[in-house]
Structures are given as C-alpha cells and as structure tokens.
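Heads up, the thing below is written out as structure tokens.
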Amino acid sequence: MSEQTLDSNILDKLINYLEQPDFYPHDPEEVEHIQTHISHVFIVPPYVYKFKKPVDFGFLDYSTLKKRKKYCRREIDLNRRLSDDIYLGIVSIVEEDGSFKIIEEEQSDIDTVEYAVKMKLLPEEYFLHTYLEDDSLTYKHLDRVADKLADFYNNQDPDEKILQWGQVENIKVNTDENFEQTRAFIGDTIEQNSFDAIRYFTNEYFNRHQSLFEQRIEDKRIVDGHGDLHLEHIHITPDKVQIYDCIEFNERFRYGDLAVDLAFLAMDLDFNSRWQEERYFIDRMAKKLEDPDLLKIIDFYKCYRAYVKGKVKSLQSGEEEVPKEEREEAAQKAHRYFNLSLRYALLGSHPKVLVVMGRVGSGKSTMARHLAEKLNIKRYSSDRIRKQMAGLSLKERSPESKRDKVYSKEMSDKTYQKLLDNAVQSLEGGESVILDATYSKRGAREKLMKVIDESILFIETEAPDMIIKERLQARENEEGVVSDARLEDFEALANRFEEPKKIPEECMLKISTNCSVGESQKWLYKKLADINIQRG
C-alpha cells in the first residue's frame, strides 16, 4: 500500500472512526475535527492527532503512504528546533478484523493504513493571537519571541545549498508562481489593477535592489527558517516560548532570507491593525540580529507574505468540500490580504500622510475614497469637517444664506487646522492618513509640510476645465453630494486656486483623471509603487 494513493472509501471510513471518542486509547470526552487544504486534525484533549491528506499539489506531495510517513518524521524533527515538548511522535493506524486501531508507535508500511503526528494540545489562552484578541499583547511578549528567534537564526551557519535561496532568480521562482496561481482569481478575490501593481512592484524591486539581495547573501542572512511564522503558531506561557507547525513539505518555502520568515509575523500584526507593535518587533529583531538592512527589505517580504495568504485563502474559497459560509469567509479574507499586499507595494508600512488635493471637480475625492477603502487608511475630508463644524447636513447643499460664513477665511482656517491636527494625531498613533481637500492656498500647504515634513506625499488630481464643468453640472441631479460646489462656482473657485509650484518634486505626484476611473487608478498605482521602490 505504501506506493499507492489512499482509497477514498478507506479514508472516509477511517475519518468516521477518528471522529468517535471511544476510538482513542485515552478515551477523550469529545473529538473536534478540523480540516485544512492539506491536513485532517483531530483534537482529543489532551492530545492532537494530525493526518496528512493524500494530495499532490506539485509544491506539496503527500500522495503515497511512504511520503506521508516521511513528512510526518520531518515535521517532528524540524519543529523540535523551536519547541521542546509539543511533538510526541508518530502513531500508526492499522486495520484489524475490519476495524481500525491506533498503535502508539511507528509500524512498518506493510501493516499500516495511515500515519499521524501526535502532539500535546496547548492551552488556547497562551497563543499570540489570543493575547492580541484579548488586547493583552505587550512588548514583553514580543521581546520574548524576538529572543527565541534571534537565537534560532544566530545559531545557524548556512551552507551554499541554503544561501542560494537568497538569489533573486530563486526568490522569483516563488513570486512568479504566486502570480500564475492567482490569475484565475482576478475579478473575484483580487482586481486586475491590484494584481498588475503588486507584480510590477515585486519585479521592479528585484531589478532596482539587486545589490541589497546580494549583500544579504554575503552577510549570511539566508537561513533554514520556519516558513509559516504567524500568530497561531506562537505559544507564550510564563515559563516558555514555543513555536511550532513549520513548513516541512517543501524546502524552498522554508529556506530564504530571515526577513521573509519574520515578515509573516510582521504582516499578521499589520493585518490586525497592530502597526506599532509590528514596528517595535522588527526594530527589536534588527538590533538583536545586528541587521540594519532588515528594516530596508522587510516591506518587500511583507508584500510577498500578504500575497501568499491571499492566494491560500483564494484557493480555500474554491474548495467544494468546505461549507459555503467558510468559502465566502475565505474569499473575503483573501481580498483583505491582497489589499494589504497592495498597500505594502504602494506605500510600505511606515505611517504616511497622503494629501489628495486639486481643483474642485478634478476627481480628488473619488480618488481619496478609493485609496482609503482599498488600502484601509482613514480619510479626512475638508467638506465633511467644514459642514460638521457649521452644524449643517452632510447630504444637502448648504443654504445660500449661510455660505458666506461657511466658506469664510475664518472657517477655512479652522477646517485646515483640523485636517492638520488629525494628521498629526494619526502619525503619533502610528497610522497613515489621507487628507481630502483642495489645498488651494499655498499657506495651508506650507504649514502642513512644516509640521509633517518627510512623511508627506501630495497627490494632485488634474482634469481639463470642460470635464470639471461637466462634473459640477452633473451634481445638480445627484443626491448625497457632500461638496457644495456647483457649475456656478467654477470661475470663482478656479481663480482662487494657487498652483502648487513650491512643493518638492519628490513629495508631489500629479494624476490625470481625464480618463476612466480604472485607468486613473492604474496610473496612480504605478507612480506610487515607483516612489515606494525609490524610497526603499
């Protein structure tokens, strides 16, 4: 049986047995069966039995009993590097008188129907994701994880077999594979513009930072890592830190820059909006590893890691054996992961202020709303702030009798001061922010640059007068438009707009909206990616 795939009837029968508490030697009270796309996991307190599915995905091959046995052994050996008492050993399932039986040791392939890894069940309260969900995660927890991982990496002396996985051409094997395997999900879990932008960023980063990758190899930053270092795989009790469930089925997913290992955990923290904790952790790792270049390359690898998660969730969303509700949830998560990957590609992960400015009707609010939604960044609109301070409805045009006061210099100064205050508050909290306003006055722009300085990027939307007039005219028949500007205001507003000529070139990006929204977004993505790569 060792060189044959497991018969589906036998597998179904075996799973039925494994779901019964009285099947197990220690007679647990209950059995919880969890499936992933590669494993069956049976939780039977105080143990866990993990079976590998008889599948072959190319990058992973568990198709025969002999291979599953091999990878059970490898899983135990590799995971004992970062955990000491979780992995108890291999168990064998044998068939006996038309039934199945667990043998608590490794049997020969001739007598065995299936092999499994037996593990200790860890208390849920000590997982890193639980600390995060309970809002009890502290820097001390991250310090302990950093200590564990720093020792793990520092004690390695990678040979040429491992160091080669730091070469761009080998890293590209993984990134190219990701893009090919996600083409089918374009229009479903990822948009075409996002796919194109992330691929562009990835390949251009390789092209422009070749020397950085070469330096990483020379400094021996390429390791035999964990490969799946995320929140659910890190367990922190008062006594010890244990990290388990590493990649055992494919060395090229485990060999690589230590940054790609750390990027998984860093990306997980960002995904859960723990941006400050993420930056603390990576700063800590850079210091403990004496690796300042980690801070340069980590966003590239976080982009990669988020994309991989988007791919995995997309694949899960198409598994017919998974309940519909779980498939839909997987699709939603895939979309979120792809958007996070896009955010890394366009902006990196350090807090920034994006000032989406331009003449009224030039498309700035449309662009600002899109970026805010796509990149999960809070947006502050001058139109909203102005009306809220004046106590006016956001969905109706301000009464003509009140417009002089609403748009007075005093009210404008207050509005732009509030925008500045919001930006400063966001940066202090470690968050990026989008300011959506015309910023038509040079003074308001200069004040913003003086306070914010290097974390700022202006995006000016531009459109011909004729297009702007058409858009303002169309507002007459639209409901819920927050802006009060209409066609009748065009000349006055145009005359008040002071061209942003004194903004440094590296802080200024102009985008034409005289085309479809999709084309404008595509062009903006490319420009943002270029700036991000250059700054990186």
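The values are calculated or read from the model by the stated rules, or taken from the named source; none is laboratory data. Just so you know, these numbers come straight off a predicted model, no measurement behind them. With ideal geometry, Cβ positions are generated from the backbone for all residues, glycine too; neighbour counts draw on all protein chains shown.
Out of (1) in contact (Cβ under 8 Å) with a residue 24 or more places away in the chain; (2) surrounded by fewer than 19 Cβ atoms within 10 Å (Cβ to Cβ), what's the single condition that is false for Gln332? It is condition (1) that Gln332 fails. Within segment 14-66, the set of residues being in contact with a strand residue (DSSP E or B) (Cβ under 7 Å, 6 or more places away or on another chain) and of a type in the set (Gly, Ala, Ser) comprises Ser39, Ser63. Ser83 satisfies every condition listed in (1) over 30 Å from Leu142 (Cβ atoms); (2) in a loop (DSSP other than H, G, I, E, B); (3) within 28 Å of the chain's Cα centre (by Cα) except (1). For His33, the conditions (1) at pLDDT 90 or above; (2) surrounded by 14 or more Cβ atoms within 10 Å (Cβ to Cβ); (3) in a strand (DSSP E or B) are fulfilled apart from (2).
Considering Ala334, Ala368, the condition of being in contact with a strand residue (DSSP E or B) (Cβ under 7 Å, 6 or more places away or on another chain) and either charged (D, E, K, R) or part of a helix (DSSP H, G or I) (or both) is satisfied by Ala368 alone. Would you please name the residue that is nearest to the chain's Cα centre (by Cα), looking only at residues in segment 407-419 that are surrounded by fewer than 19 Cβ atoms within 10 Å (Cβ to Cβ) and part of a helix (DSSP H, G or I)? Filtering first and then ranking leaves Lys418. Residues that are of a type in the set (Asp, Glu) and either under 21 Å from Leu493 (Cβ atoms) or touching a residue at least 40 places away in the same chain (Cβ under 8 Å) (or both) within segment 370-424 comprise Asp383, Glu396, Glu400, Asp404, Glu410, Asp413, listed in sequence order. Within segment 465-481, the set of residues being in contact (Cβ under 8 Å) with a residue 60 or more places away in the chain, part of a loop (DSSP other than H, G, I, E, B) and under 15 Å from Gly363 (Cβ atoms) comprises just one member, Val481.
Note on segment 420-431: among residues that are closer than 23 Å to Gln388 by Cα and small (Gly, Ala, Ser), the one that is surrounded by the most Cβ atoms within 10 Å (Cβ to Cβ) is Ala423. Here Gln156 fulfils each of the conditions (1) in contact with an Asp or Glu (Cβ under 7 Å, 6 or more places away or on another chain); (2) buried (at least 18 other Cβ atoms within 10 Å of the Cβ) apart from (2).
For every residue, the table says whether it meets (1) touching a residue at least 12 places away in the same chain (Cβ under 8 Å); (2) in contact with a Lys or Arg (Cβ under 7 Å, 6 or more places away or on another chain); (3) assigned by TED's automatic domain parsing to the domain that holds Ala390.
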| residue | (1), (2), (3) |
| --- | --- |
| Val451 | yes, no, yes |
| Glu460 | yes, yes, yes |
| Ala463 | yes, no, yes |
| Ser483 | yes, no, yes |
| Lys527 | yes, no, no |
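Considering (1) modelled with pLDDT under 90; (2) among the hydrophobic types (A, V, I, L, M, F, W, C); (3) surrounded by fewer than 16 Cβ atoms within 10 Å (Cβ to Cβ), the lone condition that Cys515 does not fulfil carries the number (1). Taking segment 88-111 as the range and being among the aliphatic types (A, V, I, L, M) and either assigned to a strand (DSSP E or B) or under 14 Å from Ile76 (Cβ atoms) (or both) as the test, the residues that pass are Leu88, Ile90, Val91, Ile93, Val94, Ile102, Ile103. When we screen Ala485, Ala529 for residues that are within 28 Å of Asn203 (Cβ to Cβ), surrounded by 15 or more Cβ atoms within 10 Å (Cβ to Cβ) and hydrophobic (A, V, I, L, M, F, W, C), the only hit is Ala529. Within segment 62-77, identify whether any single residue is surrounded by 14 or more Cβ atoms within 10 Å (Cβ to Cβ), free of Cβ contacts under 8 Å to residues at least 12 places away in the same chain, not assigned by TED's automatic domain parsing to the domain that holds Ile243 and not in a strand (DSSP E or B), and answer yes or no. Within segment 62-77, one or more residues are surrounded by 14 or more Cβ atoms within 10 Å (Cβ to Cβ), free of Cβ contacts under 8 Å to residues at least 12 places away in the same chain, not assigned by TED's automatic domain parsing to the domain that holds Ile243 and not in a strand (DSSP E or B).
Here's the yes/no breakdown for (1) touching a helix residue (DSSP H, G or I) at 6+ places or on another chain (Cβ under 6 Å); (2) outside any helix (DSSP H, G or I); (3) under 22 Å from Asp530 (Cβ atoms); (4) outside the structural domain of Asp261 (by TED's automatic domain parsing):
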{"position": "Asp188", "(1), (2), (3), (4)": "no, yes, no, no"}
{"position": "Ser194", "(1), (2), (3), (4)": "yes, no, yes, no"}
{"position": "Ile198", "(1), (2), (3), (4)": "yes, no, yes, no"}
{"position": "Glu204", "(1), (2), (3), (4)": "yes, no, yes, no"}
{"position": "Asn207", "(1), (2), (3), (4)": "no, no, yes, no"}
{"position": "Ser211", "(1), (2), (3), (4)": "no, no, yes, no"}
{"position": "Glu214", "(1), (2), (3), (4)": "no, no, no, no"}
{"position": "Ile217", "(1), (2), (3), (4)": "yes, no, no, no"}
{"position": "His226", "(1), (2), (3), (4)": "yes, yes, no, no"}
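Only a single item in (1) closer than 27 Å to Ala184 by Cα; (2) surrounded by fewer than 22 Cβ atoms within 10 Å (Cβ to Cβ); (3) out of contact with any Asp or Glu (no Cβ under 8 Å at 6 or more places or on another chain); (4) of a type in the set (S, T, N, Q) is not met by Ser341, and it is number (2).
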